[in-house]
1. Among B:47-59, A:252-264, how do they line up by average Cβ neighbours within 10 Å per residue, starting with the highest?
2. With r as the distance between the Cβ atoms of B:Lys197 and A:Ser46 and R0 = 35 Å, compute the FRET efficiency 1/(1 + (r/R0)^6) and round to 0.05.
3. Taking 27 Å as the cut-off for C-alpha to C-alpha distance, list the pairs among A:Lys272/B:Lys75; B:Lys15/B:Lys239; B:Lys188/B:Lys256 that go past it.
4. Put a dot 7 Å past each Cα toward the Cβ at B:Ala158 and B:Arg26; how far apart are the dots in nm?
5. Return a whole-number percent for the relative contact order of region B:177-252, with Cα pairs under 8 Å and 6 or more residues apart as the contact set.
6. Ignoring everything except DSSP H segments at least 4 long, calculate the 222 nm mean residue ellipticity for chain A; use -39,500 (n - 2.57) per segment, divide by total residues, nearest 500.
7. Tell me which aspartates and glutamates have Cα within less than 13 Å of B:Lys157's Cα, excluding those fewer than 8 residues away on the same chain?
8. For peptide B:28-35, what's the mean number of Cβ atoms from other chains within 10 Å of each residue's Cβ?
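What follows draws every value from the coordinates through simple rules; no lab data is involved. Here the structure is a predicted model, which means the values were calculated and not measured. Cβ coordinates were reconstructed from backbone atoms using ideal geometry, including for glycine residues, and neighbour counts include every protein chain displayed.
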There are 2 protein chains.
Amino acid sequence: MIIAGLSGANGLDLKLSQLLNAELLRVESKTFPDGETYIRFYGGVSGETIVIIQTLYPHQDRKLFELLLSVDTAKDLGCKEVITVIPYLAYSRQDRRFLDGEPISVKTVLKLLRAVGVDHLITVDVHKVESLRFFHGNTVNLDPTPLFAEVLRNEVKAPIVIAPDQGALSKARELAYLLHDSEYVAFKKYRDRVTGKVVHELLEVDFSGRDVVIVDDIISTGTTIANIASYVRDRDASKTYVVCSHALFVGDALTKVRMSGVSKIYALNTVKASEDVEVVDITPLILEAVRSLTRS
Amino acid sequence: MIIAGLSGANGLDLKLSQLLNAELLRVESKTFPDGETYIRFYGGVSGETIVIIQTLYPHQDRKLFELLLSVDTAKDLGCKEVITVIPYLAYSRQDRRFLDGEPISVKTVLKLLRAVGVDHLITVDVHKVESLRFFHGNTVNLDPTPLFAEVLRNEVKAPIVIAPDQGALSKARELAYLLHDSEYVAFKKYRDRVTGKVVHELLEVDFSGRDVVIVDDIISTGTTIANIASYVRDRDASKTYVVCSHALFVGDALTKVRMSGVSKIYALNTVKASEDVEVVDITPLILEAVRSLTRS
């Protein structure tokens with residue numbers, strides 16, 4: 001087995017190769033003066049299983065094309081099979097046609113990955129797991145909730161776990177269960193059919209003196225999280241924690257979240273972490289997934 | 001027939017729809033705050049032949065993904081067939097493995113276009129026409145040389161037409177022939193096997209008092225063209241013209257070319273033209289290609 005990390009490997013390639021005692025292939029990745037993406041493998045892959053690691057943020061389209069180019073090249077060079085590890089799968093939120101004439105972007109991404117020859121796809125906490133049906137090959141979706149529960153367990157006391165919308169409810173339920181069977185609630189969120197805008201409906205719960213854990217899969221602009229954090233602060237919650245898999249933190253998102261009274265933010269290393277965020281390492285789960293795929 | 005222009009349509013969509021008297025579909029194209037590309041068709045395409053126009057420069061990977069997303073969506077929405085017009089096909093210069101472990105990027109691009117359902121591909125003066133074999137569908141490669149000959153014919157007197165390398169020789173030969181059967185020569189250019197760098201070997205021709213036309217398919221950094229223009233200026237050439245299909249002009253390329261003593265630059269509108277370049281409109285050739293594809 002060979003491990004290859006692209007420009008968005010985020011150090012996971014080195015960790016995996018050490019833990020698996022597998023060869024780490026050197027890959028050159030650069031951009032030409034005119035903006036074209038270029039990669040080069042320094043070493044043979046013929047007859048091998050290659051694990052290619054690439055997250056898809058930031059610069060989603062560039063990182064995706066780099067990955068497609070690499071997989072196509074690995075197949076051309078005669079590798080036996082390609083396992084791609086995509087810690088953060090971009091476009092996963094555009095998983096259906098919310099409005100007429102829209103694309104199902106995650107379907108397109110998964111179709112392209114299959115077209116160049118990806119055999120197995122490993123990803124982490126994809127926005128909706130049903131989206132993975134668009135990939136006509138083997139998929140593994142890693143659930144980081146136990147990792148988050150482990151770090152939170154000694155820190156929070158009888159928290160209320162909040163899902164920002166119904167989509168995150170099962171995640172909140174699982175986390176609450178792992179935190180000594182705590183309480184959990186979901187905000188209501190829906191997309192206005194006409195304008196396409198997201199609307200939040202708040203709920204009435206007694207947060208007074210309680211620790212709060214807000215859990216979500218992706219934080220992008222941070223507005224949702226900041227609104228909820230302000231809401232519970234206004235209702236005299238004790239400490240507020242945020243737990244998220246993919247902390248994109250676009251623009252001033254981190255400041256926005258901090259200003260809303262959040263004590264601590266836990267996020268995975270599926271994208272490059274902002275400073276001031278507690279990083280929870282996803283490597284153990286990826287390691288287990290790669291092992292089980294290559295054992296069979 | 002429906003015409004749809006994406007963010008890189010460069011005005012060709014409007015022109016084509018008028019000339020073909022075909023519906024121009026409104027397409028929204030934007031980038032989300034986190035960097036994800038989004039498109040939306042405002043209008044039905046079911047049962048129709050749709051012509052989607054998108055050049056692939058600048059921001060090659062973003063423009064490519066936008067195109068792939070659009071074609072996949074058009075097919076999902078039930079269109080009968082997709083004709084894509086890609087005036088400038090990015091990645092066409094990486095058409096073979098120059099060095100071990102490199103990708104054949106143009107193959108990957110063409111494979112992806114086919115995977116989402118492109119039926120017919122129309123492009124302009126692709127770097128090497130053999131590359132189009134990687135697309136397993138119908139392809140049309142438009143030759144702009146007659147258009148250039150038309151604008152040059154009354155401007156240059158008995159010119160020497162220069163190809164910067166052997167790859168551009170047939171283009172120089174054709175242009176020279178159309179310019180009253182003028183003289184043509186090629187510089188020698190090769191890629192060093194070890195370093196991968198491009199080396200030029202200059203030739204000995206009497207340029208004194210002669211008009212010179214340098215012809216190439218793509219101008220990127222402009223270094224090659226500037227070197228040749230300086231070379232012929234030092235040998236007392238009269239006026240120097242540059243003719244190129246795709247004027248990318250990266251960074252200070254235009255200044256570099258101007259400083260080397262070039263009088264006039266002619267370029268197609270396959271990419272957004274820099275100021276100070278004489279634009280030769282490719283629309284008539286695209287029109288003809290679309291007509292012949294839809295007649296059959």
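1. Details: B:47-59: 22.5, A:252-264: 18.0.
The most tightly packed comes first, giving B:47-59, A:252-264.
2. Taking R0 as 35 Å, the efficiency between A:Ser46 and B:Lys197 is 0.80.
3. Details: A:Lys272/B:Lys75 35 Å; B:Lys15/B:Lys239 34 Å; B:Lys188/B:Lys256 21 Å.
A:Lys272/B:Lys75; B:Lys15/B:Lys239, as the Cα separations exceed 27 Å there.
4. A separation of 5.9 nm, rounded to one decimal place.
5. 31
6. Helix-only estimate at 222 nm: -9000 deg cm²/dmol.
7. Within the straight-line cut-off, B:Lys157 pairs with B:Asp181, B:Glu183, B:Asp211.
8. Counting other chains' Cβ atoms within 10 Å and averaging over B:28-35 gives 5.
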